[in-house]
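Okay, structure first, notes after.
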Amino acid sequence: MIDYQTIENAARRIMANAAIDIPPDYRQGIEDMAKWEEGDLSCFVLQTMIDNWNAASEDRRPMCADTGLPRYYVKVGNNARLSDGFTGLERALRSATALATHDIPLRPNRVHPLWRTDHNNNVGINAPEIDWSFEPDVDWIDITTVHKGGLFGTDYRMLFPGDGIDGIKRFFLDTLVAFGKRGLACQPAIIGIGLGGSKDITMVLGKQAACLRTVGERNPDPQIAELELELKKLGNSIGMGAMGFVGNAMVADCHIEVGYTHTGGMPMSVHAFCLSSRRATVRIHADGKCEYRHDPRWFTPYMRRETVEWPMPNRSEKQSG
Amino acid sequence: MADAKSQRKTVRLKVPVEAQDLADLEIGSVVYLDGVIYTGREGVYKKVLEQGAALPAGISELSNANFHCSPAAAVEADGSYSVGGVTATASFRFSKWMADWLALSRAKIIIGKGGMSAADYRDILVPAGAIYLTTVGYGTGALLGRGIKDVRAVHWLEELGNAQAMWIFEVENFGPFLVESDVRGNSLFEQQGRLINANLEKLYRGLKAPALSRYGETDDRKDELI
């Protein structure tokens, strides 16, 4: 049984981990880019950002003061039991958000869209968002928090099957060029692409692709994996680097997630995570033990299942996760 | 590139700045600030310029650097403030208030994210003798947070909330920033953008346009998009 207080405490800790410590996979990606980036201004920006991450970890202060829209992704094991149920979990996450906002401190970013009411705690109507997913045969819950800016670097377009790969490439470039100028997308970034699904799911998949996969991780479909690498290369050949300065460091990695879609359409979304790619995960086991990490492991084989049935995990490993 | 940082010309300025401090600054130079700076964005501009609230007494003498920012800061139970990090917000959105703001506040340095348009520099900042410094990254929140030594005061905190209030910071070695617009209105972003634009046609060559267009690709609402 996983109790309320364990969840709230763990969520407070991942809020701090995300805000302060850059994920190692992303850091490595940017360090590699700083080695090959030839644009002197762009390279200056990358090296300064690395200094900034060091300062954040040393001082235990947020790496970026724009908290973005802090939110959660929760994966619940099918055999997990929660002391206060699902609404208790939601209450724990809302409470942890408010407490972490004060304690770290985070900028209270969340306001009412019309009245601009600010509770100074990043909690409000429909905020923080919580996305849910499930995992068969395990009894843990994974909670990931993502702090991502919310104003630039994302776009949606309804493409059609006849638009083909050209259409995908063109819209990918359009989004990077439009938001890359002056660095509004805070690039170089992990670029997530959602393809297919219904319109709203196209956006959800693209955002999750950007925020919940690590640098170097490939889609299990070999042809999609190839397209990811092709788009990454294309993005890094625009001639634009960090802050929209001359250079090539634009795409730290490109991740594509797909969903079956309307037979007549090929909706697409593009999402740029940022130079402060803030994510942190905790796994809370049935006995209350917490394991912290930066890799969300959100897209499991079960998440990407193709049809009614799905491959059952090896029974001997079923509780090890 | 081995060390792009040491190659850049670096300048340290004392705020409030004098006109001669800014005269020789070149776009692309790195700047660090010492002295007092204040935050101000749409909340403060509306309050002062549209609702006619008076500027905090003595603010123009204390500082002439306006940071487009909201800090990651909290008010403690004893009334003190803890400031974690600070990062800028995109400045182009504040264009409509800048002329009146510069006239009233006598600010000479605008610090923000992404710069403003070349027309805004020409028509608003240059006549006011003001330059624009951009933050780096974006978001060297921790490095900038280190540079904040004290919170002198916070105005309109209750009314505008943490993010929109006017924070007055005492700063030391506060940076890095890049000179985006100098006193003549030369813009680093514009100069870099021109160089990048030269490559775009080649980049798109051979990629056919999608079947369905969108408004934005045409501005004539009478056009069909197919």
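Counting Lys and Arg as +1 and Asp and Glu as -1, each charge on the Cβ, what is the dipole of region A:150-273 about the Cα centre in debye, to the nearest 20? Intermediate values should be presented prior to the final figure.
Working: 11 positive and 12 negative charges, 72 e Å.
About 340 debye.
Please find, in a Gaussian network model of chain A (springs between Cα atoms separated by less than 10 Å), the residue of A:Val76, A:Val138, A:Val282 whose mean-square fluctuation is greatest.
Evaluated over chain A, the most mobile residue of the options is A:Val138.
Count, for each residue of A:114-126, the Cβ atoms from other chains sitting within 10 Å of its Cβ, then give me the mean as a whole number. Don't skip to the answer; put the middle values down first.
Numbers: counts 0, 0, 6, 1, 7, 1, 6, 2, 0, 0, 0, 0, 0.
Averaged over the peptide's residues, the number is 2.
Taking loop as defined by DSSP and a crowding limit of 11 other beta carbons within 10 Å, which chymotrypsin sites (Phe, Trp or Tyr not before Pro) in region A:221-321 fit? Let's see the in-between values first.
Numbers: sites: A:Phe245, A:Tyr260, A:Phe273, A:Tyr292, A:Trp298, A:Phe299, A:Tyr302; in loops: A:Phe245, A:Tyr260, A:Phe273, A:Trp298, A:Phe299, A:Tyr302.
Within region A:221-321, the qualifying chymotrypsin sites (Phe, Trp or Tyr not before Pro) (loop, at most 11 other Cβ atoms within 10 Å) are A:Tyr260.
With 23 Å as the limit, write out which pairs from B:Lys113/B:Lys202; A:Lys181/A:Lys207; A:Lys75/A:Lys148; A:Lys199/B:Lys113; A:Lys207/A:Lys233; A:Lys181/A:Lys233 have Cα-Cα distances beyond it, or answer none. If you can, show how the numbers build up before the last one.
Values: B:Lys113/B:Lys202 29 Å; A:Lys181/A:Lys207 21 Å; A:Lys75/A:Lys148 19 Å; A:Lys199/B:Lys113 31 Å; A:Lys207/A:Lys233 20 Å; A:Lys181/A:Lys233 18 Å.
The pairs that break the limit, which is 23 Å between Cα atoms, are B:Lys113/B:Lys202; A:Lys199/B:Lys113.
Which whole number gives the average, over all residues in B:111-121, of C-beta atoms from other chains lying within 10 Å of the residue C-beta? Intermediate values should be presented prior to the final figure.
Numbers: counts 0, 0, 7, 7, 4, 1, 0, 0, 0, 0, 0.
Mean inter-chain Cβ contacts per residue within 10 Å come to 2.
Between A:Ala286, A:Gly162, A:Asn54, whose Cα lies farthest towards the positive end of the dipole of the protein assembly as shown when Lys and Arg beta carbons carry +1 and Asp and Glu beta carbons carry -1, centred on the Cα centre?
A:Gly162
In peptide B:199-207, what is the residue-averaged number of other protein chain Cβ atoms found within 10 Å of each Cβ? All intermediate terms of the calculation are to be shown ahead of the outcome.
Working: counts 5, 5, 0, 2, 8, 5, 0, 2, 11.
Other-chain Cβ atoms within 10 Å of each residue's Cβ, averaged: 4.
Considering only DSSP beta bridges with both partners in chain A, what is the antiparallel share in %, to the nearest 5?
On the way: 31 of 46 bridges.
In chain A, DSSP labels about 65 percent of beta bridges as antiparallel.
Using each residue's phi in region B:5-17, evaluate 6.51 cos²θ - 1.76 cosθ + 1.60 at θ = phi - 60° and report the 3J(HN,Hα) Karplus result to the nearest Hz, with x for Gly and Pro.
6, 6, 7, 8, 5, 10, 10, 10, 10, 9, 9, x, 8
For B:Val15, enumerate residues with amide H under 5 Å from its amide H, sequence gap 5+ or separate chain, H modeled in the peptide plane.
Under 5 Å from the amide H of B:Val15 lie the amide H atoms of B:Asp34, B:Gly35, B:Val36, each far enough along the sequence or on another chain.
Using +1 on the beta carbon of Lys and Arg, -1 on that of Asp and Glu, and nothing else charged, what's the dipole of the protein assembly as shown about the Cα centre, debye to 20? Write out the running numbers ahead of the final one.
Numbers: 61 positive and 69 negative charges, 57 e Å.
Using Cβ point charges on Lys, Arg, Asp and Glu, the protein assembly as shown gives about 280 debye.
Pick from A:Glu291, A:Glu306, A:Glu226: which is most flexible by mean-square fluctuation in a GNM of chain A where alpha carbon atoms under 10 Å apart are linked?
So, out of A:Glu291, A:Glu306, A:Glu226, the one fluctuating most is A:Glu306.
Of B:Lys113, B:Lys46, B:Lys14, which is the most mobile in a GNM of chain B whose springs link Cα atoms less than 10 angstrom apart?
B:Lys46
How much FRET efficiency would the formula 1/(1 + (r/R0)^6) give for B:Glu76 and A:Thr263, where r is the Cβ-Cβ distance and R0 is 60 Å, rounded to 0.05? Intermediate values should be presented prior to the final figure.
Details: r = 59 Å, r/R0 = 0.98.
The calculated FRET efficiency here is 0.55.
Estimate the FRET efficiency between B:Asp219 and A:Thr117 by the formula 1/(1 + (r/R0)^6), using the beta-carbon distance for r and 51 Å for R0, to the nearest 0.05.
Efficiency at R0 = 51 Å is approximately 0.90.
Towards the positive end of the charge dipole of chain B, with charges on Cβ (+1 Lys, Arg; -1 Asp, Glu), say which of B:Met1, B:Tyr81, B:Ala128 has the farthest Cα.
With unit charges placed on the Cβ atoms, the residue in question is B:Met1.
Karplus couplings for region B:78-90 from phi (6.51 cos²θ - 1.76 cosθ + 1.60, θ = phi - 60°), rounded to Hz, Gly and Pro as x?
After applying 6.51 cos²θ - 1.76 cosθ + 1.60, I find 7, x, 7, 10, 10, 10, x, x, 9, 9, 7, 10, 5 Hz.
Just to be sure I understand the model, the point goes 7 Å from the Cα along the line to the Cβ. What's the resulting A:Asp59 to A:Gln5 distance in nm?
The modelled label-to-label distance comes out at 3.4 nm.
When the dipole is taken about the Cα centre of region B:10-204, and only Lys, Arg (+1) and Asp, Glu (-1) are charged at their Cβ, what size is it in debye, to the nearest 20? Don't skip to the end; give the middle numbers.
Values: 17 positive and 22 negative charges, 76 e Å.
Using only the charged Cβ atoms, the result is roughly 360 debye.
Taken together, the values in this text are just the output of simple stated rules run on the coordinates, not laboratory data. Note that the structure is predicted; figures quoted are calculated from it, not measured. Cβ coordinates were reconstructed from backbone atoms using ideal geometry, including for glycine residues, and neighbour counts include every protein chain displayed.
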